[in-house]
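The values are calculated or read from the model by the stated rules, or taken from the named source; none is laboratory data. Note that the coordinates shown come from a computational prediction; the quantities given were computed from them, not determined experimentally. Neighbour counts run over all protein chains shown; Cβ positions are idealised from the backbone, glycine included. In case anyone asks, the SASA skips ligands and DNA or RNA and just uses the protein heavy atoms, side chains included. Shrake-Rupley method; radii C 1.70, N 1.55, O 1.52, S 1.80 Å.
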Amino acid sequence: MARPEETADTILGRKLDSIPFSAYHLLLIVALGTVGFVEGYDLALGGSLIVLAKEPLHLTPGAIRWLVAGPTFLVVIGGFTASALSDRLSRKTIMQIGVVISTLFTLLIPLVQNVEQLIILRLITGIGLGFAISAPFPIAAELMPAQHRRTYGGIYEVMLASAFTLLPFVAFLLAGHPLGFRLIALPGGLALGVVPLLVHYAIPESPRWYLRRGEPQKAVDAVNLIIRRSGNNVPPLTVAGLGTGLVLGHRPLPPFMALFRPGQLRWTTVGILSGVSASMAYYTCAILLPKALVDQGGAVALSFGLSSVLFMASIPGKLFTGYLMEVIGRRWTMTYSLAGSLPGIGLMAIAHWTGSAAVVVFVARALITGFTVLSAFPCTRVYLSEQFPTDLRGRGHFFGESTARMFAGVLFPLFLEHYTASPVVFFGTLLVVVAIGACVPLLFGRETVGQLESVSEPVGLAA
């Protein structure tokens, strides 16, 4: 029974949170995780392409810089475009646009004849990735019961990490093969025939999104669909059960600038900054680390092998982070993840001084860094979505991730690419950035564990 002071949003959110975790929720996680796996593979493909295509396509330093920063810049542009469209278009539509574009143009990479074609394909792929790579988290935040967002965050990021682990392993197997850069693109491209169908049939539309559009019957139907698919363990919801304060018909969305108004600006900023340092560590490892290790005297195969170890270590790390974020809270978990990586990054900076033990030091660093900072994303990405009310969540999450990606995936790699041959500068700069980022959520953030509406909706009303 609804209490008089409760809004329809709160009632609907509590109903979704009351649905016991079921095989259907696991299906949702796997479906969204499959999107993450494919998009993660396509996103991280750039670093391996640079190494494998360097000789066959005669990559110049200028072309390498385009392949390092250009695709990620287009991911940012795609993300900002998706941010402008999100909350207006269906959550699924936004994700489908991105999945189709990114997989289609990755599938065309084996056909390229010169470096210019490769750059163009990677740039267009970046636009699709900008739509798809951020989409699963706003969807999951609104479909998963509150107590199981950590389950989603952990499993999703493990599937993402599996893509990052598989990619350098495949590159390791293809090192020296004249067709290596063509073959390595096939796993990401062939997903075009599978993933769009999986998204269409397995993932429902957000009931919260329907309710905010002034369509309570569709919102109730969506909730009841989830209840049925979860085993009918709770009574169905009715429109009358949403209370008497319903607003029918389409309601105008708050303007985009509501993200920056008093009452919301601080949380928008903290949500972005919380992910910047972890994202810088990721992009450095995914795009520049293979090149840095080669420039610092390592073999090509060794550089791919260490990259694979790094991302493999993030698989158990992300499961641990997913568990920890509900035990000690989002802020302390992010602080642990970033601060815990500092010894590993420090070891990488001094590894070249250790002589014959350098490989052992590199492996130790990879295990530490992978388990900590590269495992922060189950928390940082859920935390970002929880900063926004429903009518700003799509735009806010896309804008937040795109802004963070601009700094972490475009500007930072462009700067750091000039210093890949210097281990002290390369890894020392990363160490300073991660150390600063470890302090942000704890000093300036708020804790967001709890029902989505109780955390975000009052902020939305204030905005």
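Some values worked out for this structure:
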quantity: At q = 0.11, 0.20, 0.21 Å⁻¹, base-10 log of I(q)/I(0) for region 1-159 (Debye sum, equal scatterers on each alpha carbon); calculated: -0.54, -1.19, -1.25
quantity: Solvent-accessible area, 1.4 Å probe, carbon plus sulfur percent, for region 105-177; calculated: 73
quantity: Note, ³J(HN,Hα) from phi for region 403-418, Karplus 6.51, -1.76, 1.60, rounded to Hz, x at Gly and Pro; calculated: 5, 4, 5, 4, 6, 7, x, 10, 5, 5, x, 4, 5, 6, 4, 6
quantity: By accessible area with a 1.4 Å probe, ligands and nucleic acids excluded, highest first: order of Ser134, Ser90; calculated: Ser90, Ser134
quantity: Residue-normalised accessible area of the chain, expressed per residue, 1.4 Å probe, Å²; calculated: 36
quantity: Trypsin sites (Lys or Arg not before Pro) within region 55-158, DSSP loop, no more than 15 other Cβ atoms inside 10 Å; calculated: Arg88
quantity: Cα-Cα P(r), region 1-93, percent of pairs per 5 Å interval; calculated: 3, 9, 11, 12, 14, 12, 11, 9, 6, 4, 4, 2, 1, 1
quantity: Projected-area mean, region 306-453, by convex hull of Cα positions, square nanometres; calculated: 9.2
quantity: Euclidean distance between Cα centres, region 153-191 to region 35-57, Å; calculated: 7
quantity: Cα pair distances of region 94-173 binned at 5 Å [whole percent]; calculated: 3, 14, 15, 19, 21, 13, 8, 5, 2, 1, 0
quantity: Note, ³J(HN,Hα) from phi for region 34-45, Karplus 6.51, -1.76, 1.60, rounded to Hz, x at Gly and Pro; calculated: 5, 4, x, 4, 5, 5, x, 4, 5, 5, 7, 4
quantity: Integer Hz, Karplus 6.51/-1.76/1.60 couplings in order for region 205-221, x for Gly and Pro; calculated: 6, 6, x, 4, 5, 4, 5, 5, 7, x, 10, x, 5, 5, 5, 5, 4
quantity: Range in the chain, longest, excluding exposed GluC sites (Glu not before Pro) [loop by DSSP; at most 14 other beta-carbon atoms within 10 Å]; calculated: 6-446
